[in-house]
Structures are given as structure tokens and as C-alpha cells.
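Here is the structure we will look at.
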Amino acid sequence: MKLAALLSAALVSVAAMPVSAEVIERQQSVRPLPGALDSVLMVNDNNPELIQNDGILISTFPDGDAASVPVVLNGRFDLFSHHVYAGDAEGTPTSTLWLAVLAAPLGDAPVTLQLLSGSTSLSQATEPGQTQAPFLPLPSLMQETTEVVAAGPGSRVAGDLLASRSAPELSSRRWTLPPGSPTRLMLLPIPVAGLDPLLNGRNLQLRFHSSAPVAIATLAAHGNDGQAPNDQHWLQLLKSRRLSSKEHQPTPRGSKGKIIYSRVSGVQIGSSWRARLTDPGSTVLAAPKAPISWPISSLERGTLATNQVQTAELERFYPGTAWAAHGNYGVEYDLTLPLKNTGSAPVKLQLSLDSPLKGNSQTSFLRFRDDLNGPVMFRGPIQTTGLEDQEGVPQGRQTQHLVLRQGQQGSSLGQVMLKPGEGKQVRVRLIYPADATPPQVLTVQPVKQS
């Protein structure tokens, strides 16, 4: 079925949904997710989200003042950048904001910087050749085949990274950085010409390896008559130490009452979470008789009663921005489930990603809604290996795009049939996408036999 037909069917389905909003308690167990974040540094550039003026967005250059968060980047490190532009202050309908990424050695010798993987996407393209991912009203679950399925730039980039794709805008993969003056790695537009309303966004995620310590910075500036600023302009902007205005002051850590998480502008510790999901003290996960769930991207006051905060801590961050990487945007979860049937009868299990209601008080249940009228909490791809269809036919590696609303029990991603004593391994990969609202849960549960 073509994408347009699926969208039409989805809109009809949404229109027919009930308006009731009763809460359902699903009796089950909720366990902390095994494993932990790695120690790879990620430059997290998300404050401001809405850029209002030219300046430095984030800089790790050792300037010794408030314009930088000086952290040494050496070997493997990542960059996550997510911003929105709504036109200039005068509302000029043809204005374009440009994003630049600059890097330089921290020593006196040249440094080789390699882009291991990465991608970028606009919310909406205004010219041919621009990678885009509009916020389309996609169904709750869509299988990705030869056509890219995405809803929003964060969803698109996450899918690109899972599939080892890259946007054509990222043509350079390797740089030799001379000492002294910073080198511009890339220059990307956020255009609004022809859009109604004047609003566009860009997500950018890059995985680097450097041969020696480097500093990196992202900057935003307007050009002239639609043309991008030249390299000298970017160097002068970095040298000026002028910050683009921040937004969303966070609630101080440890405060009571309502919490404002704010957005991140700093360097976080951790870019991936790898784990084997087994029973405590065991090397396998015994086929459960009731649902078992593990939080994904659990955060302060959002642990679903597990007391596990998966949020990446920040090595350094700008004052007035988030003090931890709430949401773990751009973090890759790579999870293996070594399932085994320890009983005497065949069992059938299914796997899903769910979006339960926050505020759970016990790990013996999760709360859901019986409608799908709430806000979207997750839109992005999930890649699985080892699942089967309803007839038990192996599906191999597959990618499915999910749209989960508040309190939604996710559709089945696939099933696993196990004979008595049989074991099978399932692997799940996802990159927590920008525009999602944590937490979600990965759930394994028995399929009721008719």
C-alpha cells in the first residue's frame, strides 16, 4: 500500500476514535533496564530550540568565559543538534537562518577528524535536494521497506542512523584540521521561504572520531539576500563570544513541586545504552506468564516506580539550561533479549513499545488510556531482529515506524514462538528521537491462545 493511501486510512481511523478517556491498569511487572550508558561524550545542542538571534549555540573551545563549555573531545564523540527557526524579527518571509559547525585542534599539530556516521533533516524542504521529514499524521505502526518512513526531522535522522543512511547534505566525511584557525565542517540552512506558518526545524546528528583532542562549536547566523555568511563571518562570530539567547530556565535540581526540565546546551556523558535483558541472576529471560516492561529514557520524576533515572549526566553545561540530558535524545538503545521457554507447553510471546502514563506508584502495574486522542509522545523508528510473524515465519531484520500517543499500548512489533526448552534471541535497536516525550517501555508479554 502506498504512503498516501496509508495516511488517508489513518485519518479515517483517528476520526472514528471514541472520546472517552478512562485509565486502564495493566497488571504486570516493571523492571529497571539492565546495563548503563557508555562514556562517549555527546555535544548536546538544543538550547535554544527556537533560535531568535545570531550567535554561538554551543562551543567547547577553551575561551575561559561564559561563551563556552570547555570540554576536551578526543577519539569517539558525538554531536546532537536540534533547532527551530520562525523567521527574523521583522517577519521577512524569505529569510534563512544558517547553521555552521566549526572544529579545531587543541594542540599545535594537525588533527584528522572522521565522520563515522551521521545525518540531518529539515522539517520542510523549500528547495529541491533538501532532506525533509514533515510531521505527517502517520498510523501507529508502519513497516519500512524501500521507502523511508518518518514524521519529523528527529524521526528521519534516527531512522537514517539505524539504517546506516546519510543525508546528501553531509558530503564530506573526513577533514584534516590545521592548528590555529577553526575549520568549517559544514554549513546547513533552516529556510522558511514559502512556508505558512514561517516555521522550520533541523535535526543534525554526527558520530565522530578524532586522532587527537579537538574543540567544536555550532553557530547560527543570517546571510545576505539568501546567501550564507562566508567563513570569515563565522570565525568573527566565534571570536566575538556572543551567545545566541537561551530559553526555558530549569527548575533547580532537588526542588519540590512542578519541574521544568529545560533544554540541553552542554556536553553529556553517554551516547549509547547496550544491555541483555535477563531475569535477575540468570543468563536468559524465561518466557513470562504476564507482561514484563523495561523503561526507555526514564528520567527524574518519570521512572515508572523503578527509581531508575537513565538520563545522561552533563560534564559541563551553560547556566540557565538543563542540568541533565532529560530525554536522552540521540542516544542509541541496543538491547538483546535471550528468551527461553522453561515450561512444559509451547508459548507465544509478543514484543511492543508502549507509552504508559507517567506518575506510576508501583512496579506491579502500568497505566494506559482507552482512547488515542492524547498528544503524541513518541514518533520514530525501531529496528528488530529475531521476531516472527503470526505463523512463526522469521522476519529477519526489520524497521517499523511508531507513533505513540499519551497512554497508548503499542501495536505488536512481532512474535516469538517457543517450544518447551527452546531458546531464541531477539535484538531491539532504537535511537531516542527528538520530539519524543519520555518515558516509554519495552514490553514482552504472552499472546493469549484462542
Item to complete: Measure off 7 Å from each Cα along the Cα-to-Cβ vector at residue 240 and residue 398, then give the distance between these two points in nanometres to one decimal.
Response: 5.3
Response to the item:
Most packed first (mean Cβ within 10 Å per residue), the peptides 201-207, 109-115, 73-79 order as 201-207, 73-79, 109-115
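If you take the square roots of the eigenvalues of the alpha-carbon gyration tensor of segment 78-150 and sort them as a ≥ b ≥ c, do you get rounded (a/c under 1.5), prolate (a/b over b/c) or oblate? Write down the numbers at each step before the final one.
Numbers: a/c = 2.85, a/b = 1.31, b/c = 2.18.
Cα axes put segment 78-150 in the oblate bin.
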Discussion item. Net charge within 15 Å of residue 290 by Cβ-Cβ distance, Lys/Arg positive one each and Asp/Glu negative one each, not counting residue 290 itself?
Written reply: +2
Worksheet entry | Debye log10 I(q)/I(0) at q = 0.11, 0.12, 0.13, 0.18 Å⁻¹ for segment 312-378, Cα point scatterers | -0.55, -0.65, -0.74, -1.10
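What does the charge count near residue 347 come to, summing +1 for each Lys or Arg and -1 for each Asp or Glu among other residues with Cβ under 13 Å from its Cβ? Write down the numbers at each step before the final one.
Values: positive: 289, 340, 348, 419, 424, 448; negative: 388, 422.
Surrounding charge for residue 347 is +4.
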Practice prompt. Go through 308, 327, 394 and say which Cα lies farthest out towards the positive end of the charge dipole of segment 272-417; charges sit on Cβ, +1 for Lys and Arg, -1 for Asp and Glu.
Written response: 308
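Rounded to the nearest 0.05, what FRET efficiency do residue 199 and residue 256 give with R0 = 25 Å and r taken as the Cβ-Cβ distance? Could you check?
Details: r = 35 Å, r/R0 = 1.42.
The formula returns an efficiency of 0.10 here.
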Worksheet entry | For residue 71, net neighbour charge (Lys/Arg +1, Asp/Glu -1) across residues whose Cβ lies under 11 Å away | 0
Worksheet item: Say a paramagnetic label sat at a point 7 Å from the Cα of residue 289, along Cα to Cβ; which residues of segment 363-406 have their backbone N under 20 Å from it?
Response: 363-366
Worksheet item: What residues from segment 54-88 fall in the zone where the backbone N is under 19 Å from a label point 7 Å along the Cα-to-C-beta line of residue 247?
Response: 54-59, 80-88
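So for 84, 347, fewest C-beta neighbours within 10 Å to most, what's the order?
Numbers: 84 16, 347 21.
The order, fewest Cβ neighbours first, is 84, 347.
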Item to complete: Of the DSSP beta bridges with both residues in the chain, give the percent that are antiparallel, rounding to the nearest 5.
Response: 85
Fill in: Cα Rg over Rh - the chain, Kirkwood
0.98
Fill in: Compactness of segment 58-215, expressed as Rg and Dmax over alpha-carbon positions, Å
17.4, 54
Worksheet entry | Distance-filtered residues of segment 398-434 - backbone nitrogen under 17 Å, label point 7 angstrom along residue 345 Cα→Cβ | 417-422
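Taking 0.36 nm per intervening residue step and subtracting the Cα-Cα distance, what contour gain separates residue 127 from residue 165 on full extension?
Details: separation 38, 0.36 × 38 = 13.68 nm, distance 2.10 nm.
That pair, residue 127 and residue 165, stretches by 11.6 nm at full extension.
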Worksheet entry | Burial order of peptide ranges 154-162, 407-415, 392-400, 269-277 (average beta-carbon count within 10 Å, highest first) | 154-162, 407-415, 269-277, 392-400
Item to complete: Using R₀ = 41 Å, calculate the FRET efficiency as 1/(1 + (r/R₀)^6) where r is the Cβ-Cβ separation of residue 27 and residue 117; round to 0.05.
Response: 0.50
Worksheet entry | Estimated 222 nm signal from helices in the chain, with DSSP H stretches of n ≥ 4 weighted -39500 (n - 2.57), rounded to 500 | -2000 deg cm²/dmol
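Any chance you could run the full-extension gain for residue 50 through residue 225? It's 0.36 nm times the residue separation minus the Cα-Cα distance, nm to one decimal. Don't jump to the answer; show the numbers that get you there.
Values: separation 175, 0.36 × 175 = 63.00 nm, distance 2.20 nm.
Extra length from residue 50 to residue 225 when fully extended: 60.8 nm.
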Worksheet item: Using θ = phi - 60° and the Karplus form 6.51 cos²θ - 1.76 cosθ + 1.60, what ³J(HN,Hα) does each residue of segment 202-212 get, whole Hz, x for Gly and Pro?
Response: 9, 10, 9, 10, 9, 10, 10, 9, 10, 7, 6
Discussion item. Between helix 231-240 and the chain, what is the angle of the helix's C-alpha long axis to the longest principal axis, kept within 0 to 90° and rounded to the nearest 10?
Written reply: 90
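Starting from 0.36 nm per residue, how many nanometres of slack lie between residue 425 and residue 173 once their C-alpha separation is accounted for?
On the way: separation 252, 0.36 × 252 = 90.72 nm, distance 3.48 nm.
Extra length available between residue 425 and residue 173 comes to 87.2 nm.
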Worksheet entry | Dimensions (Å) - segment 273-432, Cα atoms, principal axes, largest first | 57, 37, 32
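Read-outs throughout are calculated quantities, based only on the coordinates presented, and are distinct from any laboratory measurement. Here the structure is a predicted model, which is why all the values come from computation and not from measurement. Note that we place each Cβ from the backbone using ideal geometry, even for glycine, and neighbour counts take in every protein chain shown.
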